[in-house]
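Colleague: Take this structure first; my questions come after.
The values are calculated or read from the model by the stated rules, or taken from the named source; none is laboratory data. These numbers come from a predicted model, not from an experiment. Cβ placement follows ideal geometry from the backbone for every residue including glycine, while neighbour counts extend to all protein chains displayed.
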Amino acid sequence: MIKDTIEYARSLAWQKKFEDASTLLKAYSSLNSNQAGLQLLAQIQYWKQDFDGAKLTYQKALTLFPQASGIRFDYGKMLFESSDLRKANYELNEYEKTNKNSVEAYLMLAKIAMWNSRLNEADDYIKDVFKLQPDNAEARSILSTVNKYKQVRVRVGGSILSDDQPLNATRTEAEISAYQSRFFSPALKVEQTSYSALKKQTSQADLENIFHFGYGKTTIKLGAGLFKSDSYSSLDGILFLSQKLSHDLTVSSSFSESSYQYTLSSVNTPLTQTMFINSIDFNKKDIWLGKVSYLVQSFADNNSINTAFIWFLMPVINKNKVLFQAGISTSYATASFNTFTATGSPALLALKYPLYTQLPGIYVPYFTPKDQQVNSFLSSLTLKPGKFIRLNAKASMGLLSKTDYPFLMLVQNGNKYEVVKSFYRKDYKPIELEGSGLISLTKRLDLSLVYRYASLLYYTSNFASLNLTYSFGHE
C-alpha cells in the first residue's frame, strides 16, 4: 500500500499534476512517517514553486531521518537553485562529509565559494571534481573563471569627447586592479584630461577597494581620490553598498563626492558635486533586465537636482549568437533653481540685441533641468560572431519628451537694462546611440572599443574610447 501510494503520486507528478500529487502525499505523510514519501512531497512542492512548503517538508524529513543523505542532497540543491546560498553551503557540506563521490555536490560548493569570493576554497572543490572526473567541462569552466578573478589586470587607454558647447577633451588613463581576498580587492586608477580650446588640463587619481560579505550577496565599495586643475585641488570619495535580495533582484545605495566637469564654466572654474543614489536592479540571466533609481545631485550653492527613472528590457530574439532586446524607459528630473544665464551683462547685450527678443544663454556652472520628462524606446543588439569577439549596439530614442525650457529676454526698466528669465513648455526627441566591441587578441590581452552619440536638449556630443587590458597570473 505504501509503495503503491508513493508510486501513484510519482506518476501524477510526471504528468505535471503537482497539486493532486501534493495533496495525496500530504494526507499520506500525516499518517505515515516515510522517508521516500517526504522526499517526494518536498520535490513536488518545489516543482510547483511552493518554496516555503518544500523547506518545511525537507526539515521535517531531516529531523526524522538525520542520516538520510539523499534528502540532505536534494534539500541543499533546492536551496542552491533558490539562491539561499548560506543554507545550501551548510547542507551540501554536511552531505559531503559522508559522500565523497558526488561531482554535482562539489560543483555547487565550488560555485558558492566562487560567488562568495572564496577563490582558494573554490579551487579545492574543483580539485575534488577532477579526482573523480578529470575531463569535467563545467569544472574547467569554473576553474577558468576563478583564475580570471585572481589575475592582476592592467588597463591603459584613451578617449575623445566633442560637443557643441563647444567642449572638446582628450583623456588618457591607466588602471591596475587585483584580487587578494574577499575583503581586499584594490584598484588604482589615474587619468589626465586636456581641454584644448580652453587650454586647461586636469588630473585625477582614485584608489578603491571592494569587500564581499554574506556568500556574495553583500558588496561594499570604498574609494578615495584626488582631483587637480591648475592651482585647484579637491578630495573625492565614494561609498557604495549592494545587497542581493534574490537571484534576480539587487538593491544598492551610493554616496559620492566628485568633481563636476561637464560645462565650459565648470572646466574653467572647477566645482564639486555630491551624489546620493538608491536603485533596484533586475537581472534574469542577462536577458531580462530592468532598473528603478532615484538620484539627488547637490552643489555648494544649495541647489539640488532630483532625478527618478525606470527602464526595462526584454528579449525579442535570443538564439545562437544573437540577442536582441527591446524595452522602454521613463524619467523625471528637476532642479531647485535654474542656472541658465545670459552670455553677457545687460548693458553689453543691449549693444547687440534689440529689446524684447530672445537672448542666447549658457548653463553656469552646471546643467539644471526643469520639470523634464523623457519617455524613450530602448533597444540592444548583442552579437558573438566568434569565440573571441563580442559586439553590442544600443539605442535610446526619445518619445513624448517635454521640459520647461528657459527663455531669456532683454527689457528696459527706466535707465537700466535687465535680463528676464521665463519658461515655456518644449517638446523634444533626445537620441542616444552606443556601439561597443570586445576583442580577445590573446588569452591575456583584450581590446575594447566604444563610441557614443547623444543628441540631447542642450547639446550634441560624440565620444570614442579605446582600451587595452592585460591580465597577469593564472590562465
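Colleague: For A187, work out the one condition from (1) out of contact with any strand residue (DSSP E or B) (no Cβ under 9 Å at 6 or more places or on another chain); (2) at pLDDT 95 or above it doesn't fulfil.
Modeller: Going through (1) out of contact with any strand residue (DSSP E or B) (no Cβ under 9 Å at 6 or more places or on another chain); (2) at pLDDT 95 or above one by one, A187 breaks only (1).
Colleague: Looking for whichever is in the same structural domain as F227 (by TED's automatic domain parsing), modelled with pLDDT under 95 and surrounded by 15 or more Cβ atoms within 10 Å (Cβ to Cβ) here; the options are R182, R171. Which one fits?
Modeller: R182
Colleague: Can you tell me which residues in segment 124-168 are surrounded by fewer than 17 Cβ atoms within 10 Å (Cβ to Cβ) and aromatic (F, W, Y)?
Modeller: F130, Y149
Colleague: Then there's this: Based on this model, can you work out whether K97 counts as within 21 Å of M114 (Cα to Cα) and surrounded by 17 or more Cβ atoms within 10 Å (Cβ to Cβ)? Before the answer, list the steps.
Modeller: Details: within 21 Å of M114 (Cα to Cα): yes; surrounded by 17 or more Cβ atoms within 10 Å (Cβ to Cβ): no.
No: the conditions fail for K97.
Colleague: Here are the criteria: (1) closer than 20 Å to Y260 by Cα; (2) surrounded by 15 or more Cβ atoms within 10 Å (Cβ to Cβ); (3) not small (G, A, S). Tell me which single one F337 does not satisfy.
Modeller: (2) is the only condition that F337 fails.
Colleague: Do we find that N120 is more than 15 Å from S471 (Cα to Cα), in a helix (DSSP H, G or I), polar (S, T, N, Q) and modelled with pLDDT under 95 in this structure? I'd like the intermediate steps shown before the answer.
Modeller: Working: more than 15 Å from S471 (Cα to Cα): yes; in a helix (DSSP H, G or I): yes; polar (S, T, N, Q): yes; modelled with pLDDT under 95: yes.
Here the answer is yes, as N120 does meet what is asked.
Colleague: Residue under question is A347, and the condition is that it be assigned to a loop (DSSP other than H, G, I, E, B), more than 26 Å from L400 (Cβ to Cβ) and among the aliphatic types (A, V, I, L, M); does it hold? Steps first, please.
Modeller: On the way: assigned to a loop (DSSP other than H, G, I, E, B): no; more than 26 Å from L400 (Cβ to Cβ): yes; among the aliphatic types (A, V, I, L, M): yes.
Answer is no for this residue.
Colleague: S254 - would you say it is outside any strand (DSSP E or B) and surrounded by fewer than 18 Cβ atoms within 10 Å (Cβ to Cβ)? Steps first, answer last, please.
Modeller: On the way: outside any strand (DSSP E or B): no; surrounded by fewer than 18 Cβ atoms within 10 Å (Cβ to Cβ): yes.
Against the criterion (outside any strand (DSSP E or B) and surrounded by fewer than 18 Cβ atoms within 10 Å (Cβ to Cβ)), S254 does not qualify.
Colleague: Among the residues of segment 16-35, are any assigned to a loop (DSSP other than H, G, I, E, B), within 24 Å of S246 (Cα to Cα), out of contact with any strand residue (DSSP E or B) (no Cβ under 6 Å at 6 or more places or on another chain) and not basic (K, R)?
Modeller: Taking segment 16-35 first, the residues assigned to a loop (DSSP other than H, G, I, E, B) are 16-17, 32-34.
Filter again for within 24 Å of S246 (Cα to Cα), leaving none.
Checked segment 16-35: no residue is assigned to a loop (DSSP other than H, G, I, E, B), within 24 Å of S246 (Cα to Cα), out of contact with any strand residue (DSSP E or B) (no Cβ under 6 Å at 6 or more places or on another chain) and not basic (K, R).
Colleague: Somewhere in segment 388-407, is a residue in contact (Cβ under 8 Å) with a residue 40 or more places away in the chain and of a type in the set (D, E, K, R)? Working first, answer last.
Modeller: Going residue by residue through segment 388-407, those that are in contact (Cβ under 8 Å) with a residue 40 or more places away in the chain are 388-394, 396, 403, 405-407.
This time we only want the ones that are of a type in the set (D, E, K, R), so: 390, 394.
Yes, segment 388-407 has at least one match.
Colleague: While we're looking at this one, here's another question. Which pairs turn up if I take residues in segment 3-25 that are in contact (Cβ under 8 Å) with a residue 24 or more places away in the chain and look for partners that are of a type in the set (V, I, T) with beta carbon separation below 8 Å, at least 6 apart in sequence or on another chain?
Modeller: Short answer, once both residue conditions are applied: A9/I44; A13/I44; F18/I44; S22/I44.
Colleague: Tell me, yes or no, whether segment 397-413 has at least one residue that is among the charged types (D, E, K, R), loosely packed, with under 14 Cβ neighbours inside 10 Å, more than 24 Å from T343 (Cα to Cα) and out of contact with any helix residue (DSSP H, G or I) (no Cβ under 6 Å at 6 or more places or on another chain). Let's see the steps before the verdict.
Modeller: Narrowing segment 397-413 to residues among the charged types (D, E, K, R): 402, 404.
Restricting the remaining residues to those that are loosely packed, with under 14 Cβ neighbours inside 10 Å gives none.
Scanning segment 397-413, I find no residue that is among the charged types (D, E, K, R), loosely packed, with under 14 Cβ neighbours inside 10 Å, more than 24 Å from T343 (Cα to Cα) and out of contact with any helix residue (DSSP H, G or I) (no Cβ under 6 Å at 6 or more places or on another chain), so the answer is no.
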